[in-house]
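Visitor: Structure incoming, see below.
The values are calculated or read from the model by the stated rules, or taken from the named source; none is laboratory data. Just so it is clear, the structure is predicted and the values come from calculations on it, not from any experiment. As a convention, Cβ positions derive from the backbone with ideal geometry for all residues, glycine included, and neighbour counts pool all protein chains shown.
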Amino acid sequence: MSVAGSARGSLRFFLWGLLWGLAACQTSPPPGPAKPPAAEAAAAPIPTGAHEYKVLAQESLLEILVYRGGAMAKLGHNHVIASHDLAGSVFVAKDPLATSFDIRVPVNQLTVDEPALRAAAGADFPGAVPQNARDGTRVNLLSAALLDGANHPDIRLRATGFKAAGEGYEAAIEVTLKGETHLLHVPVSVARDGATLTARGEFPLKQSELGLKPFSVAMGTLLVLDDMRVRFTIVAR
């Protein structure tokens, strides 16, 4: 490597470290008194005569694709946030439109930038992210300013209704995050193979739709965009 190239690399590392330090200061406030736990949401109604399918965590996957922005975006990374720990039940009725589900996403088990998931996510997610950057992103993700994993260890997903949409369905889903519930309309395709049910979908989502404020440092020159993309495969048996 040339002396000029080495200097540019050192400067880039210094700037990234400086911005990351600012980020840590912004999103990791001193611990305050513990918040009381949020009231438990009522269980989703089970359709009459429905068959229960248990979600298989080891075969299911939720991915959230998060994108960088700002004038200094090249100092950051796009991120793949993932859950391999979905838990809950799907209740399948004779009428598919009466189907419901109640699924939990354990916040503190979320992963950041697994190399295999980045490789499969496409050209916007090139190369592996250094472990220290992955760890720092995860700390910010679980901080009180974002998901607040210490006080809200689960995100809850409950289906409140389905309607036919093309060759699949559109599901109305209540997302309960940090004690607040938000309604999303999500495309879903469903396949059944014997006793196994597989639901898949992909859709755009804004952080602000979930009551979250996109992460930003250095007066907005390095930030996380409001727009995300969500992909899921849920296998139940």
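Visitor: So is residue 85 at pLDDT 50 or above and closer than 23 Å to residue 164 by Cα or not?
Guide: no
Visitor: Still on this model: Among residues belonging to segment 203-221 that are assigned to a strand (DSSP E or B), of a type in the set (A, V, I, L, M, F, W, C) and within 20 Å of residue 142 (Cβ to Cβ), point out the one that is modelled with the highest pLDDT.
Guide: Looking at the filtered set, the residue picked out is 205.
Visitor: Residue under question is residue 57, and the condition is that it be closer than 22 Å to residue 174 by Cβ, of a type in the set (A, V, I, L, M, F, W, C), in contact with a strand residue (DSSP E or B) (Cβ under 9 Å, 6 or more places away or on another chain) and buried (at least 16 other Cβ atoms within 10 Å of the Cβ); does it hold?
Guide: yes
Visitor: From the residues in segment 140-154 that are aliphatic (A, V, I, L, M) and touching a helix residue (DSSP H, G or I) at 6+ places or on another chain (Cβ under 7 Å), which one is modelled with the lowest pLDDT?
Guide: Checked segment 140-154; the qualifying residue modelled with the lowest pLDDT is 145.
Visitor: Further question on the same structure: Would you check if residue 113 is surrounded by 20 or more Cβ atoms within 10 Å (Cβ to Cβ), modelled with pLDDT of 75 or more and farther than 30 Å from residue 161 by Cβ?
Guide: It is true that residue 113 is surrounded by 20 or more Cβ atoms within 10 Å (Cβ to Cβ), modelled with pLDDT of 75 or more and farther than 30 Å from residue 161 by Cβ.
Visitor: Now a separate question. Which members of segment 169-187 meet the condition of being surrounded by fewer than 16 Cβ atoms within 10 Å (Cβ to Cβ), small (Gly, Ala, Ser) and under 20 Å from residue 229 (Cα atoms)?
Guide: Across segment 169-187, the qualifying residue is only 172.
Visitor: Identify the single condition in (1) touching a Leu at 6+ places or on another chain (Cβ under 9 Å); (2) part of a helix (DSSP H, G or I) that residue 82 does not satisfy, given that it satisfies every other one.
Guide: (2)
Visitor: Among residues belonging to segment 93-104 that are buried (at least 20 other Cβ atoms within 10 Å of the Cβ) and hydrophobic (A, V, I, L, M, F, W, C), point out the one that is farthest from the chain's Cα centre (by Cα).
Guide: Among them, the one singled out is 101.
Visitor: Quick one: in segment 80-91, of everything that is in contact with an Asp or Glu (Cβ under 8 Å, 6 or more places away or on another chain) and farther than 20 Å from residue 181 by Cβ, which residue is surrounded by the most Cβ atoms within 10 Å (Cβ to Cβ)?
Guide: Among those residues, the one meeting the criterion is 80.
Visitor: Give the number of residues within segment 155-185 that are assigned to a strand (DSSP E or B) and in contact with a Leu (Cβ under 9 Å, 6 or more places away or on another chain).
Guide: Of the residues in segment 155-185, 19 are assigned to a strand (DSSP E or B) and in contact with a Leu (Cβ under 9 Å, 6 or more places away or on another chain).
Visitor: Quick check on my filter: what residues within segment 145-180 are touching a strand residue (DSSP E or B) at 6+ places or on another chain (Cβ under 6 Å) and either closer than 14 Å to residue 105 by Cβ or of a type in the set (D, E, K, R) (or both)?
Guide: Once the filter is applied, which keeps residues that are touching a strand residue (DSSP E or B) at 6+ places or on another chain (Cβ under 6 Å) and either closer than 14 Å to residue 105 by Cβ or of a type in the set (D, E, K, R) (or both), segment 145-180 yields 154, 155, 156, 157, 158, 163, 170, 173, 174, 175, 176, 177.
Visitor: Give 157, 197 a once-over and let me know the one that is within 18 Å of residue 89 (Cβ to Cβ), of a type in the set (A, V, I, L, M), within 15 Å of the chain's Cα centre (by Cα) and crowded, with 16+ Cβ neighbours inside 10 Å.
Guide: Just one listed residue meets the conditions, 157.
Visitor: Mind checking whether some residue in segment 129-146 is touching an Asp or Glu at 6+ places or on another chain (Cβ under 9 Å), surrounded by fewer than 19 Cβ atoms within 10 Å (Cβ to Cβ), touching a residue at least 60 places away in the same chain (Cβ under 8 Å) and in a helix (DSSP H, G or I)?
Guide: Yes: one or more hits.
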